[in-house]
Each structure stands twice: as structure tokens, then as C-alpha cells.
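Report on the structure given below.
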Amino acid sequence: MASPHLVLDNVCVELGGARILQDVSLTVAEREFVCVIGTSGGGKTTLLRTIAGLLPVASGSVSLDGAPVDGPSPRAAVVFQHFGLFPWKTVRSNIAYGLRVQGRPVDQDLIRRMLEILRLTDVADYYPSQLSGGMKQRVGIARALATEPEVLLLDEPFSSLDAITRESLQNEVLRLWEANANMTALQVTHDIDEALLMADRVVVVSGPPGHITFELKVDLPRPRDSQEIRSHPDYPRMRKLLWDSLNTPAAGPLPAPGAAPARESAPARKGAPARPHVRPGTAPLSEAT
Amino acid sequence: MTAPMTQRLTVAAPGRGRRSRRRPMSPARRWTLRLASVAAILIAWQIYGGSINPILLSDPSAVAVAFVDMVRDGSLGHALASSLEVLGLGFLFGSVAGVVIGLAAGRSETIAALIDLPVNALYAIPAVALVPVIVLWFGFAVTTKTVVVFLFVIFPVLINTLRGVREVDPELIEVARSFCSSERRMWFDLILPSALPFIVTGLRLAIGRALIGVIVAEFYTSLSGLGDLITTNASNFQTARMFVPIVVIAVLGVVFTALLELAEHRLVQWRRAPQ
């Protein structure tokens, strides 16, 4: 693994007096794609908003290359579940928003390239209300990418889209990330297949209060594609692992001595052993359901 | 790969929403109906008004004759200029003050708390009730009438502006924050554009109230303006001449509202973008 890039150290977050995140520690390497998965209300979106600098930590720390994250930074960009487009701005000026608001020069070539990459050229002068959900999220993605962030934070970016649009956008984002030389990505999702498709590593967050209960290294070969990946021999096993970890009661470790991590090893493609990293003290997987 | 095909499907999707809804009326039909209703009222007025004592009601043709007379002798033009001056000044000051205070209160809890009770109290008092006090303070000059119009105008503008700022989508505020927007930029990128439709609604309400304010102020204070024409002609039993300023006020209301609608149309174009 490359050097640590984004580091969360025992992060606790409180909202309105309630503890939402409890001792979350996570290290993301440069150019790693991490998916945070969990059931709703588990704190995964809070985790992303904390990393984006939108929420303060109650204790612990978030740092990027050793510099503490204590507010939104131009080094990171967020793609929102609700798209978050400005309804009175055209597609083109929505995409330019991030650059403009950060006082950076709006390079029209860059905007044109973003429109092209996300296939928005034909609707560049449309308003968001004239677009379908999938197109809106393309604008959201283009807006984030236009700022050329080091860390791309995706908050359930596809969950309000229909299944077909979702899958095609997943593939597109995957290709964009795979083609981008040094962008780290952290995506929140509640979709196991999406997590396995996108991520180098899947982190399961359960709560409340949210804490990391399971980690799985996804060593499936890249470039990936949503259709091909499902026929990979390791896929069903990894899927089951995540499914079981999501369906294990989050409150407190369960006594399940038989379930050793070694059982869940998924054979790797490229030499390195792809073993799920089960954290000590977290709920192991139980055979008996 | 499925992506290109999905793309084409999603491009095709916009446009379905509107067509399934009720078809909008054609402009020609709408104007026919609008003018027909006015014509019906005028005809009914002509028939009934012509059949009774002209001092009680008069009729449209007599009002038209009186209109020409009053334009010729300059009394209408003079009164109109006087009323428009008061209307313009009061509306300008009232709406500027309403927008500024509304924006400030929408963004600052402190200011909102400070103005909350006074504004609600003043809004509840019929502005007419304050006219005698205003006369005591400002005399009978233009100032007094302007202050009355100001009081009629400021509250609908202020309250709507405040609501507009409060209704700014918190999700968009978070978007702006995530892209490191400064507070000042947030005003121009987010708060003003989202409050704008509310502000325009406030101004439209205020126009009607401003006209009321002008006439009330003139009834109470002045020897000029459209309001004075109404009282003077009414006390002289010149009923047809009395109706002329009333009709002029009605026309002013329609024209000003239309102008504001036009401005709104221009300013919030994105809302009406073809679906």
C-alpha cells in the first residue's frame, strides 16, 4: 500500500448531543478507492461530511497528508446524493461553479472537456430542471471533477437514479477514476454490488453510533466493468462476506469463536493475497443465520 | 456496453412532464376572455347606470366624456402627477427598506429577533390608523403621504424577503460550503437568487397596497392627487367625474402588476425554462 494520504484517527462526531460516529480510524492511501457501506442511519454519510470538513469532530482527527482537515478544502470535492445543482444556473455555469467560487480562473477548455467527458455538451445551456436524474448527477460529477480534486468524495451518488442509469454512471465514474492518475476516492453507498464494483477496499460502518465493523480488500482486476465483474470467481464469496457483515447486529461483538478470518480468504488475481481484514473486536461472521 | 444507449434514453426523457399536464390556454383565447369580461361589466354598468339617477351611479359613456373633459382642463393630469410622485417615492423607499431589512433579518438571528415584535405589531395595525399621527408629525405635505405609502409597502416586501432568505435550500448551502464559498459569495450565488421570486411576490402585493396607501393619504391630508379628485367630485355630486380617477387607479393597478410580472419573468427565467 502506498503512503497514508487521508487519515482518520479515532474520530468521534456528535450532532445535537447525539453521538453519530464513535472512534472511527481509517487510513486511505493515495489513489485508493474506498467504499463505505452500511445500512441507513448508520453514520456513513456523517463520516463523509466529516471528511469533507462540513462537520466538526468531537474528538480525534482527520488529516490529509498530515495537515488537519478543519473545514472544507479545495483539495477535496463532494458529489451529493441530491445532486445539489443551482436551479438558476445552466449546466455550464453549474460545472464552473467550484472553480469560480474558489477564485480560480475558469478555463473554458476545461469546462468544454468536462462537458464532453460526461456527455453534456448538447445540454450545456439547459437548466437543471430540464434534465433527467442521471444527467443531473453527471453535472454534479463534472462540477466536482472540474476543480481537479485530490480527493473525490461521493455521497451515495447513484442512489436516487433508476437501475439502468445507475449502472451506466457507475461504469463511467469508474472509468474516469481509473483514467485519472492521482485521485483518491471515497464513496458512501448502501449497495454491495456497487461497493465491490468501485472499490479497492470496502469498509463496513454500523451504528448508531457508527463505527467500522469490517473491512474487505477487493482485489478484483481493473479495469472493471459492472457486467464482467459479476462473473469473477471471487465475486460471490466477497458479496456474501459483505452481506453477512451488514446483517450482523452492530451493537457489541457477538461470541462466535468458530468464524476465523482465514475462512473468508478470497484468492487474488495478481499474486498478493486478498484477505478480508477483519478488525479485532468487531463482530465476526457467523455461519448460523 | 450499456452506457451510450442509456445516455440517449435520458436525453429523450425531458419534455414529457409538461405535455401530460393540462394544455396551456393560447394567448389569443386568454385575451378574448379577458376583454370579454371587461366588456360585460361595462355593458351591464351602461344599461343599469343609464336607467337610474346619474348622481347615484352614472354610466361608462358619461365617465368617458368626463375623462376627456378632465384631461382637457388639466385637472386629471395634475392629480395623476401628484399621486404618482407620492406612489413612486413611497414604493421606492418602502420596497428598498423592506428588501434590505428582510435580507438582514433572514441571515442574522440577532436582527430577526430584534425586529420580530415591532414588525408583527406594526403589520397588525391597519396603516390607516397611523395616518393622524403621521399628519401630526409631518404636516400635510408630500412627506406625509410618502410616509403613509411607505408604511403600506414595507411590510409585505419585508416579510416575503425574510421568508425567501429562510427558504434557501440548506442542501445548497452545504454544497456552497463544500466548495469553500465565502459568505459574501454565498449571497450572490445562492441567497439572492433563491430569495428573488419571494421578493418579487412581495413587490406585487406591495403595488396594490401602495395604491390604497396613496388614496388613503390623499383622503386624509391633501388638496391634490387622485384621492382629492374623488372626494371633491363626490361632494359636488359630479358622479361621472368622480369615477374617472377611480378607473385611472384601476388601470394603474393592472399596468403596474403587469410590469412586475414582466420583470419577474425576466429575472427568474430558469423557473420557466421549457421542460
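The values are calculated or read from the model by the stated rules, or taken from the named source; none is laboratory data. Only a predicted model underlies this, so the values are computations on that prediction, with no experimental measurement involved. Methodologically, a virtual Cβ is constructed for each residue, glycine included, from the backbone with ideal geometry; neighbour enumeration extends over all protein chains shown.
A few notes on this one:
- Residue within the stretch A:38-46 that is within 13 Å of another protein chain (Cβ to nearest Cβ) and over 21 Å from the mean Cα position of the chain (by Cα) present: no
- Enumeration of residues in the stretch A:55-102 that are touching a residue at least 12 places away in the same chain (Cβ under 8 Å) and assigned to a strand (DSSP E or B): A:SER59, A:GLY60, A:SER61, A:VAL62, A:SER63, A:LEU64, A:ALA76, A:ALA77, A:VAL78, A:VAL79
- Hits in the stretch B:228-259 - residues which are of a type in the set (Phe, Trp, Tyr) and either at pLDDT below 90 or outside any helix (DSSP H, G or I) (or both): B:PHE237
- Failed criterion for A:LEU220 (all others in (1) in contact with a strand residue (DSSP E or B) (Cβ under 9 Å, 6 or more places away or on another chain); (2) not in a loop (DSSP other than H, G, I, E, B) hold): (2)
- Here the condition is being surrounded by 15 or more Cβ atoms within 10 Å (Cβ to Cβ), in contact (Cβ under 8 Å) with a residue 12 or more places away in the chain and not in a helix (DSSP H, G or I); of B:VAL153, B:VAL168, B:VAL131, it holds for B:VAL168 alone.
- When residues in the stretch A:163-173 are screened for being in contact with a helix residue (DSSP H, G or I) (Cβ under 9 Å, 6 or more places away or on another chain) and more than 9 Å from every other protein chain (Cβ to nearest Cβ), 3 of them pass.
- Pick from the stretch A:93-113, criterion surrounded by 17 or more Cβ atoms within 10 Å (Cβ to Cβ) and more than 13 Å from every other protein chain (Cβ to nearest Cβ), ranking: nearest to B:LEU196 (Cα to Cα): A:ILE111
- Just one of (1) facing chain B (nearest Cβ under 10 Å); (2) touching a Ser or Thr at 6+ places or on another chain (Cβ under 9 Å); (3) over 18 Å from A:VAL79 (Cβ atoms); (4) not in a loop (DSSP other than H, G, I, E, B) fails for A:GLY134. It is (3).
- Residue list for the stretch B:176-209, filter: more than 11 Å from chain A (Cβ to nearest Cβ) and either over 25 Å from the mean Cα position of the chain (by Cα) or closer than 24 Å to A:PRO74 by Cβ (or both): B:GLU183, B:TRP187, B:ILE191
- Those residues of the stretch B:24-38 which are in a loop (DSSP other than H, G, I, E, B) and surrounded by 10 or more Cβ atoms within 10 Å (Cβ to Cβ), in sequence order: B:MET25
- Taken over the stretch A:114-128, the residue count meeting the criterion of being facing another protein chain (nearest Cβ under 10 Å) and assigned to a helix (DSSP H, G or I) is 3.
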